[in-house]
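Laboratory data are not the source of any read-out in this text; all were calculated from the coordinates shown. In this text, all values refer to a predicted model and were calculated from it rather than measured experimentally. Neighbour counts are summed over all protein chains in view; Cβ atoms, including those assigned to glycine, are modelled from backbone coordinates with ideal geometry.
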Amino acid sequence: MKVRAAILAGLLLSGASSAWAQAAAAPAPAAAPDDGYTERPAKLEQPTAYRDYERRAVDIPMRDGVKLHTVIMVPKAAKGAAQKPAMLLTRTPYNAEDMTSQHASGLMAIAIDGYDSAPDVVSSGGYIRVVQDVRGKYGSEGTYVMNRPFVGTTLNPTKTDHATDTYDTIDWLVKNVPESNGRVGIIGISYDGFTTLAALVNPHPALKVAVPMNPMVDGWRGDDWFHNGAFRQYGLSYMWEQVGTKDNSRKYEITEADAYTHYMRYGSAGALATAHGLDQIGFWQKVKQHQAWDSFWQEQAMDKILAKAPLTVPTLLVHSLWDQEDIYGAPAVWKAVKPQDKDNLLYLTIGPWYHGQGIERADMLGALRWDADTGKWWRAHVLAPFLAHFLYDAPMDVARVTAFQSGTNQWQRLPGWPTAQPAKKLYLLPGEGLGFEPSASAGTVDYVSDPAKPVTFYPRPNLQEGYEGNPWPTWLAGDQRPVSGRPDVLSFTGPVLTKALTIAGQPVVHLTASTSGTDSDWVVKLIDVYPDEVPGDRAMGGFQLAVGMDVFRGRFRETLAEAHPLKANAPLDYTFSLPPANHVFLPGHRIMVQVQSSWFPLYDRNPQTFVPSILDAKPGDYVKAVQKVSVGGASGSYIALPVAE
């Protein structure tokens, strides 16, 4: 019966196929006109009478003739007002049209309720909101270059950059927006924080204030692309979408729900990039060519650029203590610029946030609860008065440094940063102990690092990166217990604290370690271990909160500018800084330091065999290595803690 049925089915299919072929070969009948049979108007007119703002879309010409698409939103209350409003500008690669119409609303504060805007501040300040596509993106003409380097460097053969484009934009705005008072402020987060910093290079006289939030500053030292030489693989999808098309319409396609599987499947980051078409992307080719901190990165590092000339525009740097994307940038600019800030124009905010959370609701960070909306408080007490002071001459009572102290969960008004006394050494001790007194007995604590079984940066499944529905924004504040029991993670733990310990500044790692391989990564975490039981918050019982953690690629131990193989089985010194912390380890808590050699899949795996290009490592290059961390004695490892007495 099955054979007979199969034959019959075949005959039917054969006949159907023949009929289909005849129909396909027949000429198509001429299309009949629809005689206007449609319900759609030839041109749809958007009613605007109910709006509390007037929206203008203009293409502003730059000095080279390229026009940049710009959306200008003028509050209707500005017309005829006794005090003309100032303009608040953002320059972005993320679609000005979309950023100024986040929600279908006739209220400007609702329409701009999204990335970068801080709508409560814009609304209460009555500002004219201006958002512009950078050249080569979305509605703007010209070519797009990732973090376009500045004119005069070997990296930019043209006569335009973000500084010149900002200057030309502001010049046009003050001449063509009659409702304004002629003053302009600039604000932005991440890439838009980078363009905000760029505006400070030869600024237009009408630029009166700048607020760079979580800015991209140095893509190699510790922002988007590398951290101390270790490549952040999650940047591949961003490169593909951001550079590949003008409007980000070609998405990075993934077939695996678990990012761990996705990145492990291809082996090296270079093999993955090739498989997903990244070899077409010019910026990816530059990344492959410049895996060390060479002139390519140094010439475009914003902290180095801004340190070359005195600051002339009042600037509020905004840093997030748990910034999962650009944790290096703002503190680096502060450190570089503040010593020569003779006119006291530079201010700093340090908030308990993830990337960009300062303009959002911020009463929580993952499992952490701050007892108040820290973002709302900061916008009302710092951001709003800071902008109003320089754009409207309003009085201001903003401290030089406004810093949130985690642990006590309080805002501080500080005269400067950091506030710590000379560093206090926290020693790694035999038996995975930890203390402020060195051990007389020297030794090592060992583990085996296997690239085939890398340590994850948050528990699997590692959901693909994004901003909604997954742990990406808050992973830096995630519980470290899932890895603390692994045999390839060392967890040095101190005694229960009997009194509070306050740190305010950057912890500096002084690690002495050997590897049986010829290359190695070293991940070091400074952790606050909560008591086993926390009254009123059982979820935090035993929680391991990373106060600061980072990775260092061993091949750059001698110099960041050039890779060198490590001498196998030889104790070597590694010195690198963790991100800034402003934290109190409370009584009843313990301090922990974790050490490991992979942080996957956020960072690519070190093969632990020295190869010229880790991005192009072959399967045979990945080997197990015995890692030995020196503890005790004169050469024992320690962290220099910025303890504030």
Within the set LYS137/LYS286; LYS335/LYS525; LYS304/LYS525; LYS304/LYS628; LYS84/LYS175; LYS137/LYS251, which residue pairs have Cα atoms separated by over 25 Å?
-> LYS304/LYS525; LYS304/LYS628
In the chain, whole DSSP H helices that both stretch 27 Å or further along their axis by alpha carbon positions and average at least 0.5 on the Kyte-Doolittle scale are 2-25
If the chain between ALA568 and ASP59 were fully extended at 0.36 nm per residue, the gain over the current Cα-Cα distance would be 177.3 nm
Would you mind counting up the charge near ILE503? Only other residues with Cβ under 15 Å from its Cβ, with Lys and Arg at +1 and Asp and Glu at -1.
-> +3
With eigenvalues of the C-alpha gyration tensor scaled by 5 and rooted, segment 531-645, Å = 33, 19, 14
Which loop trypsin sites (Lys or Arg not before Pro) in segment 144-190, with loop taken from DSSP, have no more than 13 other Cβ atoms within 10 angstrom of their Cβ?
-> LYS159
Which value, in debye to the nearest 20, describes the size of the charge dipole of the chain about its Cα centre when Lys and Arg Cβ atoms bear +1, Asp and Glu Cβ atoms bear -1, and nothing else is charged?
-> 360
Just from the alpha-carbon atoms, what are the Rg and Dmax of segment 424-641 in angstroms?
-> 17.4, 53
Per-selection Kirkwood Rh - segment 54-99 (Cα, Å, 1 d.p.) = 12.4
Which aspartates and glutamates have a Cα less than 18 Å from the Cα of LYS425, not counting those fewer than 8 places away in the same chain?
-> GLU437, ASP528, ASP573, GLU645
Computed over the Cα atoms of segment 430-513, what is the convex hull's projected area averaged over all directions, in nm²?
-> 8.5
Please list the non-local residues whose amide H lies under 5 Å from the amide H of TRP411, H modeled 1.01 Å from N, same-chain partners needing a gap of 5 or more.
-> GLN405
Among GLY443, MET87, TYR427, which residue has its Cα positioned farthest towards the positive end of the charge dipole of the chain, with +1 placed on the Cβ of Lys and Arg, -1 on the Cβ of Asp and Glu, and the dipole taken about the Cα centre?
-> GLY443
Taking 0.36 nm per residue of separation between ALA309 and VAL626 and subtracting their Cα-Cα distance, the length gained on full extension comes to 109.3 nm
Note to self: Kirkwood Rh of the chain, Cα pairs, one decimal, Å, is 27.0
In deg cm²/dmol, rounded to 500, what helix-only [θ] at 222 nm does the chain give when every DSSP H run of at least 4 residues adds -39500 (n - 2.57) and the total is split over its residues?
-> -5500 deg cm²/dmol
Expected unfolding gain across ALA500-THR274 under the 0.36 nm per residue rule, minus the alpha-carbon gap, is 76.2 nm
Give the Rg (one decimal place) followed by the Dmax (whole number) of segment 325-411, computed from C-alpha coordinates and expressed in Å.
-> 14.0, 42
Over segment 225-299 - Rg/Rh using Cα atoms and the Kirkwood inverse-distance radius = 0.97
